Amino acid sequence: MSAPLIEMRGITKSFGAVKANEAVDLSVAPGEILGLLGENGAGKTTLMNVLFGAYAPDAGEILVQGQPVRITSSADALAAGIGMVHQHFHLAPRLTVLENLLIGIPGKGGRIDRAGGLARLAEIGRQHGLTLDPDLPVSALSVGEQQRLEIVKALFRGARLLILDEPTAVLAPSEVDRLFSALRSMAAQGLGIIFISHKLNEVRALTHRCTVLRHGRVAGRVDDPANTTSAAMAQLMCGHEIVPPARGPSTPGEAVLTLDGISTSNHAGTVLRGVSLAVRSGEILGIAGVSGNGQRALAEVISGVRSPDAGRMTIAGQTVSRFSPREVQALGLGRIPEDRMTTGLVTNLPLADSMVLPRIGTAAFSSKGLLKPDAIRTFAEEQIKAYDIRCPGPMTRAGALSGGNLQKALLARELAFDPKVLIVSQPTRGLDIGAARFIHEKFLDMRAKGCGIIVIGEDLEELLVLCDRIAVMYEGRIVGTLDSADATIARLGLLMTGAEGRA
Amino acid sequence: MFRLEVRTSTPTWFNLALPLLAIAATLVLCSGLIALAGAGILESYGVMFTASLGDSYAITETLVRAAPMIFTGLAVAVAFRAKFWNIGAEGQLLAGAVASCFVGAIPMPGALAMLLMAIAGAAAGAAVALAPATLRVKFKVDDVVSSLLLNSVIYYALMALIEGPWKDSFSGYPISPPIEDSANFPVLIEGTRLHLGVIVALIAAPLIWFLIARTTLGFRIRVTGENPEAARYGGIHVERVLLSTALLSGALAGLAGVGEVGGVHFQVMSDISPGYGYSGIVVAMLARLNPLGVVPAAIFLAAVMTGAEAMSRATGVPAFLSDVIQGTALLAMLVALLFTAYRIRRVGVAT
Ligand SMILES: Nc1ncnc2c1ncn2[C@@H]1O[C@H](COP(=O)(O)OP(=O)(O)OP(=O)(O)O)[C@@H](O)[C@H]1O
Ligand SMILES: [Mg+2]
C-alpha cells in the first residue's frame, strides 16, 4: 500500500461536556475512497471539520504526505490540498458558475483570469464527467448541479483529498450514479476521497475501505466493504444488530384522504396537473418520482400551505375549503415537512417552542391568548421521554440537536395528536439506520392503529419496505400506482422516467 | 494570531455581563476624548454621575428623560424581535406628539383629556409604523430604508404645522398652541418634573415583557422573527404578525411623544425630541431586545445625557460627548454581541 495522503492521529475534540471525537485515527491513501460511517452524532462531521480547519482539535495531529501540518482555517486546508463539500453548500447564488469558481483566486495583476478559468472548467468536466454551463447563475442550478460545482471548486483549487459529507442525501438515484462515476474517475487519477453516508448499499458499492465511528471513537474498520454485509456494518456502527421491521398485511378501511383533480399553477417551479388519489385508513401510500415532478407542490397542498387552483380534497370525509395549516390540522392531518431545519423547526428558540408551534393557538397550549408555559413544558418533556430525544431538556436550542433527534421531535409533535392521516416527506433523509428503523416502526404502529400515511420519497428501497402501494409522479401527474407486492425498482424506475405513462 | 471560532454554548452570566462590559468599554474609550478636551477624566465622570444620579432631584430628572427612551426602546425591541426593522421610532414619536397636542388643546375634563391624548398619540404612531410594514409585506420594500426615510417626512410635516397653521400669531415663534392646563400630566413629587407618564413607562416595560414571553401573540412574534418559513408552515399568518408588530411598535413610540407633550413641554416645537427615537435603538440593543432590560438601558442613556450637560458646564468638555457615548455604546454592544456567538482563539502558537 502506498504512503497515506492524509493521516489524522489521536484527534480529540469536545464541545463542552460532549466528546465529539476521542483519539480518532484515520488515514487515506492516494486513489483510495474511504467510507466514514457512524450513527447520527457519532462525530463524523466534527472530525471532517477538524481536518478542514473549521475546528481546532483539543489534541492530536494531522499529517499530509507524512509531514505534520497545522490546519487552522479552510485556507490552510486548501493549501494542504484538502477540499470539502459540505452538506449545506457555500455558493454565491447570484454569481455565475465561473464567477463562483474564481472567487478568491487571484489572476494576473489582480484581474480575473476568465479564459484560464474556462479552460480548467472544461478540462475538469471532460476528465470526470462533471460538466457545468459556466455562465448560468448558481440560483438556476439544481441541487445536484450545485454539488457538482462544489466538487469542481475543490478540484479547481488543487485538492488532492476530497471530503464529501453526506453528498447523496440530496440527490436523486440517477444523480447518485453520476456522482459515483465522477468519484471513481477522480480516485483513478490518484485523488483520495472521504465519503460519508448513512446508506450502506452506497458505501458498499463505492468505497475501498471504511472507518466506523461510535460515540466519537473508532469502533472498527472494514477492509473489504464490497464483500461485507450491510448488517455487519450496521452492527459495527450501533453496537447491536438492526433488524428491518416486518410489515404485516394491511387491513385498509375507509378513505381518510382523497384528492380529486388537484391542479396548481406554476409559481415555484413545480405544478400539479389533475392529481387524484386516495389513502385509506391503515395503509401506507408511497409517492415516488424523480424530484421536481410535483412532489413538493403535492406535499404543500395536502399540508395546507398552498391552495390548488382546481380540484377537491377531503380529510376524514370532510371537504377542505380554505387550505390553511390550521384547517387541515383541525380535520386530523399530521404533517412532517421535508426540510427539518428550515420549515420544521425554529433553530434559535428552545426545542419546546418548535414542538408546540403548529398548535400554539389550541386549548392544549394557550387560552384566551395567554400561553400555558407549564403545559408546553410538560408536553415537551413527555415527548422527549417517549421518543428518547437526546437533548439536555425542553429548553435546549433546537438547532443543537442532531438530525435524527430533530426528526424524532417533529414526529412526536404530530403523533401526539393521533392524526387520522399523516403526510411525510423524505422521512429518513440523513438519518442513521437505527434512527430510520425507529421512524419506520412508528409508521407501522400508526398504520396498525388505523392511520393513513402518505410517504413522499426518492429512496425506492425504503418505499418498497414501508408502503402498501406506491404511486409514481411524473411531470405533475400520477402516472401509475402499483401494489408494492408487484412493484420492483425496475418497474418504478421506468414509470419515473415517464416511459410507461406515455405508452 | 487570533481567530474567531463559533461558540458552542453561551454561559448565562455572559449574557448579563455583556451590556455592562460594553458600557465599561465605552467609558474607557470616551475618557480619551475627555482627556483631549483637557479635563480630568475621573472628575468629569464624577460630575456626570452626581448631576444625573447624585441626589433625589437629579434622579427624578434622569427618570423624566429616560421615560421617552423606555417607550422608544420598547418599540424597537418589539419590532426587532419580529425582525421588522423599525428605524422609524423618531417619526412615530413626533406623530404621537402632534396628535396628542391636538387632542390636549380641546377643552374637556383632565382625566378624559389624558386618556384621549394617549389613545390619539398611540394611534398616530401606529399609523406611521404601519406604512413601512405594509410596504414590506405587500411589495417587499426594505423596511430599514422606508421607516428611516419616513422620519424626515414626519419631521417636515411637523415643521409645516408649527410654521403654518399652528404658528403662534402673537409671538411669531414656530411652536404649537399649548395644551389645556387640565390636560397637563400630574406631577408625582412636588418640586420635581416627575410626571405620570414616567410611571406609565416603567409599568409598560413589564407589560411588554409579559406580552412577548407569555402570550400567543408574543410567541408568534418570536417565531416569525426567528424563522418565518417554519412559522408559516406552522399556521402562523406571518404577514399579519408583522403588521401587528408594527402597530404595537408604532403605538409605543407614539406614547413617547405623548409623554413629552403631556408631561414635559405641554406643546409641540421643532426640537421636542433630541433623537429619542434613534436612542431607542441603542437602548434596545443594550437591553438585548429584552423589554425588562430596556428600563436600565434607558436610564443609563438618560443619565449620560443629563450628566453630559452638567459636565460641560463644570469642566468645559463639550456636551456632544453625550452623543459620542451613545454611539460608542451601540458599537461596543454590537461588538460584544459578536462574542455571544464567537469566541477568540489563539492560533499559531505551539502548545
Ligand atoms: N457546534 C456544536 N456545538 C455543540 N455540540 C456539537 C456541535 N457540533 C457537533 N456537536 C455534537 O457533537 C457530536 C457529534 O456531532 P457530529 O455533527 O460530528 O455528528 P455526525 O456523526 O456528523 O452526525 P450526523 O450523521 O447526524 O451528521 C454530537 O453529539 C453533536 O451534538
Ligand atoms: Mg454530520
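The values are calculated or read from the model by the stated rules, or taken from the named source; none is laboratory data. Computed from a predicted structure; not experimentally measured. Here Cβ is always computed from backbone atoms with ideal geometry, including for glycine, and neighbour counts include all displayed protein chains.
Show me the strands (runs of 3 or more DSSP E) found entirely inside region A:41-138 where at least 1 residues are closer than 30 Å to B:Ile344 by Cα and touching a residue at least 12 places away in the same chain (Cβ under 8 Å).
Answer list for region A:41-138: A:59-64, A:82-85.
Among the residues of region A:321-374, what is the count of those that are more than 11 Å from chain B (Cβ to nearest Cβ) and surrounded by fewer than 22 Cβ atoms within 10 Å (Cβ to Cβ)?
Selection size over region A:321-374: 8.
Out of (1) surrounded by 14 or more Cβ atoms within 10 Å (Cβ to Cβ); (2) within 14 Å of chain B (Cβ to nearest Cβ); (3) modelled with pLDDT under 90, what's the single condition that is false for A:Ala268?
(1)
If we keep just the residues of region A:32-43 that are near ligand 1 (Cβ under 7 Å from one of its atoms) and surrounded by fewer than 24 Cβ atoms within 10 Å (Cβ to Cβ), which is nearest to the other protein chains (Cβ to nearest Cβ)?
Here the answer is A:Gly41.
So that you can scan it fast, the table gives a plain yes or no per residue for (1) within 24 Å of B:Ala17 (Cβ to Cβ); (2) modelled with pLDDT of 95 or more:
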position	(1), (2)
B:Val264	no, yes
B:Gly277	no, yes
B:Gly280	yes, yes
B:Met285	yes, no
B:Pro291	yes, yes
B:Val295	yes, yes
B:Ile299	yes, yes
B:Glu309	no, no
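Considering every residue within region A:153-165, establish whether at least one is aliphatic (A, V, I, L, M), buried (at least 21 other Cβ atoms within 10 Å of the Cβ), away from every other protein chain (no Cβ under 14 Å) and within 16 Å of ligand 2 (Cβ to nearest atom).
Yes, region A:153-165 contains a residue that is aliphatic (A, V, I, L, M), buried (at least 21 other Cβ atoms within 10 Å of the Cβ), away from every other protein chain (no Cβ under 14 Å) and within 16 Å of ligand 2 (Cβ to nearest atom).
Search region A:186-199 for residues that are within 16 Å of ligand 1 (Cβ to nearest atom) and pair each with any residue that is at pLDDT 95 or above and in a loop (DSSP other than H, G, I, E, B) when their beta-carbon atoms are under 8 Å apart and the residues are at least 6 apart or on different chains.
So the pair list comes out as A:Phe195/A:Thr207.
Run down A:Val18, A:Val69 and say which single residue is within 12 Å of ligand 1 (Cβ to nearest atom), surrounded by fewer than 21 Cβ atoms within 10 Å (Cβ to Cβ), among the hydrophobic types (A, V, I, L, M, F, W, C) and within 14 Å of chain B (Cβ to nearest Cβ).
Exactly one residue qualifies, and that residue is A:Val18.
Could you grab the pairs with beta carbons closer than 6 Å, sequence gap of 6+ or different chains, first residue in region A:427-443 and of a type in the set (Phe, Trp, Tyr), second one buried (at least 22 other Cβ atoms within 10 Å of the Cβ)?
Partner pairs satisfying both residue conditions: A:Phe443/A:Ile453.
Please specify each residue of region A:302-314 satisfying the condition of being aliphatic (A, V, I, L, M) and either in a loop (DSSP other than H, G, I, E, B) or within 13 Å of chain B (Cβ to nearest Cβ) (or both).
A:Ile302, A:Val305
I'd like the full set of residues that are touching a Pro at 6+ places or on another chain (Cβ under 6 Å) and surrounded by fewer than 22 Cβ atoms within 10 Å (Cβ to Cβ), limited to region A:186-211.
A:Gly190, A:Arg204
Give the number of residues within region A:381-408 that are closer than 20 Å to B:Asn227 by Cα and away from ligand 1 (no atom under 16 Å from the Cβ).
Residues in region A:381-408 being closer than 20 Å to B:Asn227 by Cα and away from ligand 1 (no atom under 16 Å from the Cβ): 1 in total.
Run down B:Pro178, B:Pro174, B:Pro186 and say which single residue is under 30 Å from B:Ala58 (Cβ atoms) and touching a residue at least 12 places away in the same chain (Cβ under 8 Å).
None of the other options fit; the residue is B:Pro178.
Look through region B:167-215, keep the residues that are over 22 Å from the mean Cα position of the chain (by Cα) and surrounded by 21 or more Cβ atoms within 10 Å (Cβ to Cβ), and return whichever of them is nearest to B:Val261 (Cα to Cα).
The qualifying residue nearest to B:Val261 (Cα to Cα) is B:Ile179.
Regarding region B:216-234, can at least one residue be identified that is touching a His at 6+ places or on another chain (Cβ under 7 Å) and in contact (Cβ under 8 Å) with a residue 24 or more places away in the chain?
no
So, in region A:44-56, exactly how many residues are within 11 Å of another protein chain (Cβ to nearest Cβ) and in contact with a Lys or Arg (Cβ under 8 Å, 6 or more places away or on another chain)?
Qualifying residue count, region A:44-56: 3.
Mind listing whichever residues of region B:177-228 are outside any helix (DSSP H, G or I) and under 30 Å from B:Lys167 (Cβ atoms)?
B:Pro177, B:Pro178, B:Ile179, B:Glu180, B:Asn184, B:Phe185, B:Pro186, B:Val187, B:Arg193, B:His195
Quick check: anything in region A:195-204 in contact with a Lys or Arg (Cβ under 9 Å, 6 or more places away or on another chain) and among the β-branched types (Val, Ile, Thr)?
Yes: one or more hits.
Counting residues that are of a type in the set (D, E, K, R), which helices (runs of 4 or more DSSP H) fully inside region B:253-351 reach at least 1?
Filter on region B:253-351 gives B:291-315, B:321-341.
Just to verify a result, which residue in region A:34-66, among those that are of a type in the set (D, E, K, R) and within 13 Å of ligand 2 (Cβ to nearest atom), is farthest from A:Ala231 (Cα to Cα)?
A:Lys44
Could you pull out the residue among A:Glu166, A:Glu150 that is in the same structural domain as A:Thr211 (by TED's automatic domain parsing), in contact (Cβ under 8 Å) with a residue 60 or more places away in the chain and within 16 Å of ligand 1 (Cβ to nearest atom)?
Going through A:Glu166, A:Glu150 in turn, the sole match is A:Glu166.
I'm told B:Trp85 meets every condition in (1) closer than 21 Å to B:His195 by Cβ; (2) not in a helix (DSSP H, G or I) except one. Can you identify the failing condition by its number?
(1)
Can you find a residue that is within 14 Å of chain A (Cβ to nearest Cβ) and modelled with pLDDT of 95 or more anywhere in region B:266-273?
no
The conditions are (1) buried (at least 22 other Cβ atoms within 10 Å of the Cβ); (2) at pLDDT below 95, and A:Ile489 fails exactly one of them. Which is it?
(1)
How many residues are within 16 Å of ligand 2 (Cβ to nearest atom), assigned to a helix (DSSP H, G or I) and farther than 12 Å from A:Leu349 by Cβ when one looks only at region A:393-419?
Matching residues across region A:393-419 total 5.
Hey, can you tell me all the residues within region B:207-223 that are closer than 13 Å to A:Ile360 by Cα and more than 7 Å from chain A (Cβ to nearest Cβ)?
If the condition is that a residue be closer than 13 Å to A:Ile360 by Cα and more than 7 Å from chain A (Cβ to nearest Cβ), then B:Gly218, B:Arg220, B:Ile221 are the ones that fit.
Restricting to region A:212-241, count the residues that are touching a Cys at 6+ places or on another chain (Cβ under 6 Å) and of a type in the set (A, V, I, L, M).
Total meeting the criteria: 1.
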